[in-house]
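The values are calculated or read from the model by the stated rules, or taken from the named source; none is laboratory data. Since the structure is predicted, the reported quantities are computational estimates derived from the model, not experimental observations. A quick note on method: Cβ atoms are made from the backbone with ideal geometry, for glycine too, and the neighbour counts reach across all protein chains shown.
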Ligand code: BGC
């Protein structure tokens with residue numbers, strides 16, 4: 001790892017406990033020692049079997065592999081050595097059940113990672129990981145394909161709802177905490193998709209071109225921090241190429257950066273269908289082929305012959321097996337761990353807490369919270385009578401309680417609604433009000449109903465899915481017109497967005513309030529209703545920028561050909577017949593950094609979110625001890641309600657340092673009306689440094705650094721300076 005854990009930026013008051021090396025049970029020795037001992041007893045065939053994963057599902061005429069629970073991936077165990085099979089399930093937002101492989105098996109649908117990131121609360125991310133992993137263990141899984149830590153470079157990304165943010169520190173701390181929570185339950189978690197899998201368009205033929213130093217300061221930094229915090233047992237390499245080489249055979253990414261500079265001790269597994277070679281991949285650092293039926297051929301089946309031919313060294317195959325064994329032992333997979341039945345009350349409570357903390361109040365002109373004595377409400381749209389939407393793809397969960405509604409999208413896809421009806425929850429929050437529902441299919445009809453109501457709650461949704469990026473930032477299905485028409489009929493309207501990323505809001509001026517609820521998960525309806533009534537004071541803050549339009553983006557048109565094929569793994573006999581070069585010329589200037597550098601004002605800035613109370617910030621100070629900077633400020637609640645303030649600290653560098661503006665830390669404090677508190681954060685030295693690729697070191701330029709603090713990237717209310725001497729740090 002790049003820095004000792006204690007040097008890594010910590011959120012004030014939320015000291016992240018470093019996970020102890022996960023030795024379980026009564027076996028002597030460290031995980032590495034045990035791995036070496038077992039390796040010494042393994043045959044060549046056993047080593048080869050450990051590096052080869054298959055689909056854990058029926059495929060191409062063959063039935064489910066014997067022993068497989070039924071999921072995305074399976075690696076046979078070695079019973080004579082006490083090595084368990086690896087039962088791998090997607091688990092980003094709950095336990096997936098692709099194609100209903102396990103008939104009728106359901107799981108808790110967790111709110112999207114954008115909701116989780118909006119909490120800015122690593123503690124709740126840790127709880128999320130633990131809750132999901134408990135359900136996974138009870139279903140027989142021991143490898144969780146979660147920890148999606150790609151930066152959100154494009155707000156149209158199909159998987160943005162599975163990712164955390166546009167900022168490397170926020171992404172790394174939140175993803176790392178979720179991984180840490182998961183691994184507290186005796187499972188291996190991945191961190192994925194390493195690296196630069198920032199868009200779905202053309203993802204398997206895409207060559208992400210980026211300056212290496214810029215990558216170290218952006219996408220790779222998110223992974224670096226996530227790995228330090230979460231210590232995932234596995235890293236999943238991505239579909240795309242990075243600077244001309246596929247991620248899963250990219251020596252720079254895997255050998256040099258991950259295993260070299262970061263000294264990563266676990267194993268690298270491929271994404272499903274992301275392997276393109278045997279010896280090249282193995283020698284570049286890939287340790288395990290996953291779901292190999294999705295590759296054009298079974299590459300790691302021939303690892304034995306490749307060793308015999310001298311194309312792969314024996315030491316390398318040993319290293320591959322040793323790394324896998326190390327993670328198995330480190331996370332206690334080889335030990336008998338009593339697997340209690342999952343506690344669904346904890347899962348539900350976690351899902352509810354994430355949405356309560358993660359929904360972001362974007363606008364409020366006094367309409368919210370709705371008064372307790374409101375007499376007549378109208379709820380409109382987005383199947384809010386049934387449930388709340390979720391995103392598609394490998395992270396899709398079949399929710400406990402059953403699918404509330406299936407909305408067909410195109411010919412063979414459908415948006416799944418989780419069974420948490422906002423309408424029912426609103427009725428419970430407002431027992432004395434008449435609450436009507438209009439499905440919003442006819443704007444005129446909804447407008448007529450709106451005229452009769454004291455206030456209108458209009459739900460608008462947008463489906464995102466793995467494999468396809470959003471065609472635009474506009475709400476689909478004529479919902480902009482619906483909102484506009486209803487808002488003109490009744491200006492007392494709150495729009496609740498249930499989206500997988502930012503959207504543009506041409507109707508904003510017509511509305512009184514807007515809440516971004518993301519994909520709200522299994523308890524979403526309840527959480528939204530509590531926010532509307534004021535039972536919960538919203539505290540979510542945007543983990544990414546809402547642009548005014550696509551024209552503000554680094555790439556106003558998505559790079560690649562959205563109608564081109566293929567977008568998924570091609571499988572046996574397929575071929576990748578073209579490469580598409582995506583130039584990420586914006587380098588490390590992702591999200592708010594891009595806008596700031598150009599003086600552009602977005603629709604809603606990074607870090608933004610309203611509360612039913614107001615906060616103030618003063619007395620910002622910064623002190624340095626070598627390269628370690630501590631920032632302090634006083635925050636207070638200047639309103640009449642208790643609420644959560646999230647003061648954000650930013651840094652910018654002296655002339656020539658090439659650090660225009662970066663998030664450096666934050667704090668999360670509960671404040672009673674009138675209460676004030678001193679908050680502090682310890683700044684990760686990498687936030688003050690740039691990466692020198694030729695020397696492979698972080699460098700801090702000597703000079704005066706500006707520290708600023710406030711409640712979003714544009715509303716920075718206080719500034720201070722701190723002098724740093726020039727310094728350099730190993731990666
Ligand atoms: C996705 C991964 C997922 C894997 C297994 C791939 O298509 O990119 O995130 O873990 O499938 O389902």
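Quick notes
- Test: residue in segment 185-196 that is part of a loop (DSSP other than H, G, I, E, B), more than 13 Å from the chain's Cα centre (by Cα), farther than 27 Å from residue 84 by Cβ and within 16 Å of the ligand (Cβ to nearest atom): yes
- Enumeration of residues in segment 589-647 that are in a strand (DSSP E or B), touching a helix residue (DSSP H, G or I) at 6+ places or on another chain (Cβ under 9 Å) and more than 21 Å from residue 700 (Cα to Cα): 644
- Which numbered condition residue 202 fails, given (1) at pLDDT below 95; (2) surrounded by fewer than 24 Cβ atoms within 10 Å (Cβ to Cβ): (2)
- When the helices (runs of 4 or more DSSP H) confined to segment 204-307 are screened for residues that are within 16 Å of the ligand (Cβ to nearest atom) and touching a residue at least 40 places away in the same chain (Cβ under 8 Å), those reaching at least 1 such residues are found at 219-230.
- Those residues of segment 452-501 which are assigned to a loop (DSSP other than H, G, I, E, B) and more than 30 Å from residue 152 (Cα to Cα), in sequence order: 452, 453, 454, 490, 491, 492
- Among the residues of segment 81-95, those that are in a strand (DSSP E or B), closer than 20 Å to residue 332 by Cα and within 11 Å of the ligand (Cβ to nearest atom) comprise 88, 89, 90.
- Filtering segment 364-371 for residues that are within 25 Å of residue 148 (Cβ to Cβ), surrounded by fewer than 24 Cβ atoms within 10 Å (Cβ to Cβ), in contact with a helix residue (DSSP H, G or I) (Cβ under 9 Å, 6 or more places away or on another chain) and at pLDDT 95 or above leaves an empty set.
- A single entry from 596, 608 fulfils the requirement of being touching a residue at least 60 places away in the same chain (Cβ under 8 Å) and touching a strand residue (DSSP E or B) at 6+ places or on another chain (Cβ under 8 Å): 608.
- From the list 678, 693, the one residue that fits, being in contact (Cβ under 8 Å) with a residue 60 or more places away in the chain and either farther than 30 Å from residue 212 by Cα or surrounded by fewer than 17 Cβ atoms within 10 Å (Cβ to Cβ) (or both), is 693.
- Whichever residue in segment 60-80 is modelled with pLDDT of 95 or more and assigned to a strand (DSSP E or B) and, among such residues, is surrounded by the fewest Cβ atoms within 10 Å (Cβ to Cβ): 78
- Residue list for segment 647-660, restricted to those being more than 14 Å from residue 683 (Cα to Cα) and surrounded by fewer than 21 Cβ atoms within 10 Å (Cβ to Cβ): 654, 655, 656, 657, 658, 660
- Neighbours by Cβ (under 8 Å, 6+ apart or cross-chain): first from segment 393-419, surrounded by fewer than 17 Cβ atoms within 10 Å (Cβ to Cβ); second part of a loop (DSSP other than H, G, I, E, B): 401/106; 401/419; 401/522; 402/106; 402/419; 407/383; 407/463; 409/463
- Members of segment 420-433 found to be touching a strand residue (DSSP E or B) at 6+ places or on another chain (Cβ under 7 Å), free of Cβ contacts under 8 Å to residues at least 60 places away in the same chain and more than 13 Å from residue 456 (Cβ to Cβ), listed by number: 427
- Considering the conditions (1) more than 30 Å from residue 559 (Cβ to Cβ); (2) crowded, with 21+ Cβ neighbours inside 10 Å; (3) out of contact with any strand residue (DSSP E or B) (no Cβ under 6 Å at 6 or more places or on another chain), residue 88 is excluded by exactly one of them, (3).
- Of all residues making up segment 118-173, the number that are assigned to a loop (DSSP other than H, G, I, E, B), closer than 30 Å to residue 587 by Cα and more than 16 Å from the ligand (Cβ to nearest atom): 10
- So residue 168, is it at pLDDT 95 or above, more than 24 Å from residue 290 (Cβ to Cβ) and in contact with a helix residue (DSSP H, G or I) (Cβ under 7 Å, 6 or more places away or on another chain): yes
- Of everything in segment 96-112 that is in contact with a strand residue (DSSP E or B) (Cβ under 9 Å, 6 or more places away or on another chain) and within 12 Å of the ligand (Cβ to nearest atom), the residue that is nearest to residue 182 (Cα to Cα) is 96.
- Residue match in segment 135-146 (condition: crowded, with 24+ Cβ neighbours inside 10 Å, over 27 Å from residue 399 (Cα atoms) and either touching a helix residue (DSSP H, G or I) at 6+ places or on another chain (Cβ under 7 Å) or without any contact (Cβ under 8 Å) to a residue 60 or more places away in the chain (or both)): no
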